[in-house]
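The values are calculated or read from the model by the stated rules, or taken from the named source; none is laboratory data. Note that the coordinates shown come from a computational prediction; the quantities given were computed from them, not determined experimentally. Using ideal geometry, Cβ is built from the backbone for each residue, glycine included, and neighbour counts are taken over all protein chains shown.
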Amino acid sequence: MADVLHFELVSPEKLLRSGDVYMVVVPGTEGDFGVLPGHAPLVSTIRPGAIQVFPTSMNDVPERIFIDGGFAEVGPNGLTILAESATPVGEIDVEATARALATARETLRAASGDALTAAEARVARFEAMQAVAVN
Amino acid sequence: MASLKALKLRIASIKSTQKITKAMKMVAAAKLRRSQEAAEAARPYSERMAAVMASLGSRVTVGPESPKLLAGTGADQTYLLVVVTSERGLAGGFNTNIVRLARRRADELMAQGKTVKLLLAGRKGRAAFVRTHRDAIVDTLDLIHGKAQQFADAQVIAANVIDRFTRDEFDVAELFFSRFRSALVQEPTTVRLIPAALPEAAKPDTATTSGPPPAAIEYEPDEEAILADLLPRNLAVQIFRAMLENQASFFGAQMTAMDNATRNAGDIITRLTIVYNRTRQAAITTELIEIIAGAESL
């Protein structure tokens, strides 16, 4: 088994990243999980949050990328993350996020029925984004 | 016979038309390349998606418990036809071909006593359907022309479709668009969106892969939950792909159409130039005859 993990980050528009890394920590719907080389095959959905990419070893400063939901697939060829959108954490505009979160909360208060679920998802999304950006 | 001056003006006007069509052809060619690249770039995502869907599909048996998007409503009384056309014209028979395919399907379904609803993406489709199936149109969505198609646009359409589905507005959804074969060939195509057609799972290639058989895949959360999460995404991905292919097809069709127009303009110019020269010579001959006749009579 290879001692590097092949990692691909794919958005519907293009292949964002493809390369060999040491470990990736993925925010799964049922909890974060780290993927090292030789991980057992797994398919998991992702909640909005940051993935952490460790390029060469455990002691690296991880590269953090915000993923707005999607799913991860671990197979014999490594880890593939399918994300609808991905932003490096450093590029998140904290103020814009705060504003968007405020608007989303505003709509949530007024929303009902189907719109409620959508509004809740939006709030959760921006909350996650903010949490990631601040840390 | 048109006067010399009128002929000259016509030739000049056709020449400038030719210049425009030539420029449009080149623009379409450049945009075609870009949209082909976009389609290419989107391939990894949809391929992975299809692979995961297939492996999920082989594990989940479709039953009444399955998500509605997969199993359908159990009826097929109302059809929603999602027709993706372009925002602009001047692309030969591009939009006509898609519309014709969709219209034929709509008429066929109506003849069977089904209800047909139309969801149109792209302005050109609306113009065509307003004439024949005005009552069937439930919504029209505008696409952004020119700029690369964004996944967000596809999500809007997908959300619209799913929203209507959950409100029981239709039982079966079909997508109409133009598949991109090459710059010269575009093929109007139908894809069934709901109930979702799961791609066939690729057979494990035992001949080439030696070693231990692949371990069972873990699913987190379970298969059904993942499937329920993936189905709407898959719908958006399918629509996105259709939009990309449609865009590439559009520019392909436009390129061909503009190439034909340029050539046609060239032909007309040649013909008119011949007429122009003949007329000019005839005028000179007439003048000469008049001069000679005048000289003789002296």
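All conditions but one from (1) more than 14 Å from chain B (Cβ to nearest Cβ); (2) in contact with a strand residue (DSSP E or B) (Cβ under 9 Å, 6 or more places away or on another chain) apply to A:Leu101; the one that does not is (2).
In segment B:164-176, the residue that is nearest to the other protein chains (Cβ to nearest Cβ) out of those that are within 15 Å of B:Thr140 (Cα to Cα) and not aliphatic (A, V, I, L, M) is B:Arg164. For segment A:85-101, the condition of being under 21 Å from the mean Cα position of the chain (by Cα), touching a residue at least 60 places away in the same chain (Cβ under 8 Å) and either within 19 Å of A:Gly19 (Cβ to Cβ) or assigned by TED's automatic domain parsing to the domain that holds A:Val53 (or both) holds for at least one residue. The residues of segment A:1-36 that are closer than 24 Å to B:Glu223 by Cα, out of contact with any Lys or Arg (no Cβ under 7 Å at 6 or more places or on another chain) and assigned to a loop (DSSP other than H, G, I, E, B), listed by number, are A:Ser11, A:Pro12, A:Glu30, A:Leu36. When each of B:Ala197, B:Ala154, B:Ala216 is tested for being modelled with pLDDT under 80, within 24 Å of B:Glu40 (Cα to Cα) and hydrophobic (A, V, I, L, M, F, W, C), the lone residue that passes is B:Ala197. Does any residue of segment B:282-295 turn out to be away from chain A (no Cβ under 14 Å) and surrounded by 15 or more Cβ atoms within 10 Å (Cβ to Cβ)? There is no residue in segment B:282-295 that is away from chain A (no Cβ under 14 Å) and surrounded by 15 or more Cβ atoms within 10 Å (Cβ to Cβ). Would a scan of segment A:14-29 turn up a residue that is free of Cβ contacts under 8 Å to residues at least 40 places away in the same chain, farther than 25 Å from B:Ala41 by Cα and at the interface with chain B (Cβ under 9 Å from one of its Cβ atoms)? Yes - at least one qualifying residue is present in segment A:14-29. The one condition from (1) closer than 30 Å to A:Arg47 by Cβ; (2) of a type in the set (Phe, Trp, Tyr); (3) touching a strand residue (DSSP E or B) at 6+ places or on another chain (Cβ under 9 Å) that B:Phe240 does not meet is (3). Just one of the listed residues (B:Val52, B:Val82) is out of contact with any Lys or Arg (no Cβ under 7 Å at 6 or more places or on another chain) and more than 14 Å from chain A (Cβ to nearest Cβ), and it is B:Val82. Filtering segment B:163-199 to residues that are under 16 Å from B:Arg233 (Cα atoms) and of a type in the set (Ser, Thr, Tyr) leaves only B:Thr166. If we scan segment A:107-124, do we find a residue that is away from chain B (no Cβ under 12 Å), within 23 Å of B:Arg43 (Cα to Cα) and of a type in the set (A, V, I, L, M)? Checked against the condition, which is being away from chain B (no Cβ under 12 Å), within 23 Å of B:Arg43 (Cα to Cα) and of a type in the set (A, V, I, L, M), segment A:107-124 yields no hits at all.
For A:Ala40, indicate whether it is within 14 Å of chain B (Cβ to nearest Cβ) and either assigned to a loop (DSSP other than H, G, I, E, B) or more than 19 Å from B:Ala225 (Cβ to Cβ) (or both). Yes, satisfied.
For A:Arg122, the conditions (1) modelled with pLDDT of 80 or more; (2) surrounded by 13 or more Cβ atoms within 10 Å (Cβ to Cβ); (3) among the charged types (D, E, K, R) are fulfilled apart from (1). Of the residues screened, A:Ile51 is one that is within 24 Å of B:Ala154 (Cβ to Cβ), in a strand (DSSP E or B), touching a strand residue (DSSP E or B) at 6+ places or on another chain (Cβ under 6 Å) and more than 10 Å from chain B (Cβ to nearest Cβ). Where helices (runs of 4 or more DSSP H) sit wholly within segment B:1-103, those with at least 3 residues that are within 30 Å of B:Glu169 (Cα to Cα) occupy B:43-57, B:68-71. Of the residues making up segment B:217-235, those that are part of a helix (DSSP H, G or I) and either within 7 Å of chain A (Cβ to nearest Cβ) or crowded, with 19+ Cβ neighbours inside 10 Å (or both) number 8. Would you please name the residue that is nearest to A:Asp3 (Cα to Cα), looking only at residues in segment A:21-32 that are touching a Ser or Thr at 6+ places or on another chain (Cβ under 7 Å) and modelled with pLDDT under 90? Among residues in segment A:21-32 that are touching a Ser or Thr at 6+ places or on another chain (Cβ under 7 Å) and modelled with pLDDT under 90, the one nearest to A:Asp3 (Cα to Cα) is A:Gly28. Does A:Ala118 fit the bill of being without any contact (Cβ under 8 Å) to a residue 12 or more places away in the chain and in contact with a helix residue (DSSP H, G or I) (Cβ under 8 Å, 6 or more places away or on another chain)? Criteria not met by A:Ala118.
Residues to consider are A:Pro37, A:Pro88, A:Pro41, A:Pro55; find the one that is surrounded by fewer than 18 Cβ atoms within 10 Å (Cβ to Cβ) and under 20 Å from B:Met53 (Cα atoms).
Going through A:Pro37, A:Pro88, A:Pro41, A:Pro55 in turn, the sole match is A:Pro41.
Does segment B:163-177 contain at least one residue that is touching a Gly at 6+ places or on another chain (Cβ under 6 Å) and either touching a residue at least 40 places away in the same chain (Cβ under 8 Å) or small (Gly, Ala, Ser) (or both)? Don't jump to the end; show me each part of the working.
Taking segment B:163-177 first, the residues touching a Gly at 6+ places or on another chain (Cβ under 6 Å) are none.
Within segment B:163-177, not a single residue is touching a Gly at 6+ places or on another chain (Cβ under 6 Å) and either touching a residue at least 40 places away in the same chain (Cβ under 8 Å) or small (Gly, Ala, Ser) (or both).
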